[in-house]
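These notes concern the structure reproduced below.
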């Protein structure tokens, strides 16, 4: 059997015309139409998509509720209820942003204010690439596109479980990243950094594999991938945190690149991961609804329902 197309290749979609794929085509068409609306109207479409997703996905709704209750126990119940609803609105907007990132030309992207680009340029001047460290924020796909517009980057990817969604993802991302690297291809990642190409990297999802450990996140032990310390040590690449924040009412975005982390990695990967989590928490609090609370971050935590 032929292998799956590479991430930088544009796969054919002709094998997905069977009626069983029509619901996904219809959903994709609606999101595409929303992505072509004026920027000021898109938040309303995102809120509608998010409401549909919230009521059609009870498991994701329960995970979001549990995560927010764990991380913000001192906030009022009404505040946390509002955050749950706002998060799903942000997820709906993320669908639109994914299509924007994949299909619009550079000149037609929404307005963005970029802060700290010199930090990435300084890191690349060392000649070992740069690890663009971020978290799973809902506007991440668009944030990666903004960075790639300035300095071509490599991107790690995880294939989607649904074949048509995976094909659409590969087709949309084809040509948008300089290098596409499967998430388990450490050698490919090191080769990319050795070519002085920055790679964006996020390690803030639940992970219980060989190179994992339990690290506090908002004060709650969370299973965390500790591979960033190993990667930074092996590649000698500076770690440059970056974050994307959506402004209200369709007014655009703020992309912030931070100074490269000093004395990283340290002697203990658990301490390194805790340091990263504290940095993430600071930026999450700026716009908490835009973080990916619907991901099962605290797998098997005893306080979860």
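Among residues that are closer than 21 Å to residue 184 by Cα, modelled with pLDDT under 95 and out of contact with any strand residue (DSSP E or B) (no Cβ under 9 Å at 6 or more places or on another chain), residue 230 is included. Within the stretch 262-278, the set of residues being within 19 Å of residue 119 (Cα to Cα) and touching a residue at least 60 places away in the same chain (Cβ under 8 Å) comprises just one member, 276. When residue 204 is tested against (1) buried (at least 19 other Cβ atoms within 10 Å of the Cβ); (2) modelled with pLDDT under 95; (3) part of a strand (DSSP E or B), only condition (3) is not met.
The rows are residues; the columns are (1) modelled with pLDDT of 95 or more; (2) over 27 Å from residue 89 (Cβ atoms); (3) touching a strand residue (DSSP E or B) at 6+ places or on another chain (Cβ under 8 Å); (4) buried (at least 20 other Cβ atoms within 10 Å of the Cβ).
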{"residue": "238", "(1), (2), (3), (4)": "yes, yes, yes, yes"}
{"residue": "245", "(1), (2), (3), (4)": "yes, no, yes, no"}
{"residue": "254", "(1), (2), (3), (4)": "yes, no, yes, no"}
{"residue": "264", "(1), (2), (3), (4)": "yes, yes, yes, no"}
{"residue": "268", "(1), (2), (3), (4)": "yes, yes, no, no"}
{"residue": "282", "(1), (2), (3), (4)": "yes, no, no, no"}
{"residue": "286", "(1), (2), (3), (4)": "yes, no, yes, no"}
{"residue": "302", "(1), (2), (3), (4)": "no, yes, no, no"}
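The one condition from (1) within 20 Å of residue 155 (Cα to Cα); (2) surrounded by fewer than 17 Cβ atoms within 10 Å (Cβ to Cβ); (3) within 19 Å of the chain's Cα centre (by Cα) that residue 233 does not meet is (3).
Taking the condition under 18 Å from residue 66 (Cβ atoms), surrounded by fewer than 16 Cβ atoms within 10 Å (Cβ to Cβ) and either in contact with a strand residue (DSSP E or B) (Cβ under 6 Å, 6 or more places away or on another chain) or without any contact (Cβ under 8 Å) to a residue 12 or more places away in the chain (or both), does residue 216 pass? So residue 216 does not fit the description; no. Looking across 75, 97, 115, one residue alone is under 18 Å from the mean Cα position of the chain (by Cα) and farther than 14 Å from residue 292 by Cα. It is 97.
The values are calculated or read from the model by the stated rules, or taken from the named source; none is laboratory data. Owing to the predicted nature of the structure, the values given are computational and were not obtained by experimental measurement. No Cβ is skipped: glycine too gets one built from the backbone with ideal geometry, and neighbour counts run over all protein chains shown.
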